[in-house]
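Here is the structure we will look at, set down as structure tokens.
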Amino acid sequence: MKIKLSESPNMLGIRMGAELDLSTLDENEAEIVRKLVEPTDSMRSPAPAAKSAVGADVRTVVIAVDDDGKCTEINFPETQVPPEVAPLLEYLRKQAKVVKPKK
């Protein structure tokens, strides 16, 4: 299972992201992450809010999960984190690093 977090750039233009491959984690840590990912199996991205409703400075969060070819992607504004995804987002943000722009 591979998990990817990407966030749109903040007001300073800094983009954060994380990539996790559960095969590289020890068994206990991988099991913790699997439990955090479980709620995403049945989720769909919330309906997008109007740009003026969320504000230009609100970042978009994307969590993508690839579980042996079964891909799930959830998009949401950082102000509307689905409660069942919040623990996974918190975990991934601890792993996040600055993503350098592609040239």
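Values quoted throughout were computed directly from the atomic coordinates according to the rules given, and no laboratory measurement underlies them. What you see is a predicted model, and the numbers here were worked out from it, not measured in a lab. Here Cβ is always computed from backbone atoms with ideal geometry, including for glycine, and neighbour counts include all displayed protein chains.
Label sites at residue 31 and residue 12, each approximated as a point 7 angstrom past Cα along Cα to Cβ, lie 4.0 nm apart. Using the Cβ-Cβ distance between residue 96 and residue 70 with R0 = 25 Å, the FRET efficiency computed as 1/(1 + (r/R0)^6) comes to roughly 0.55.
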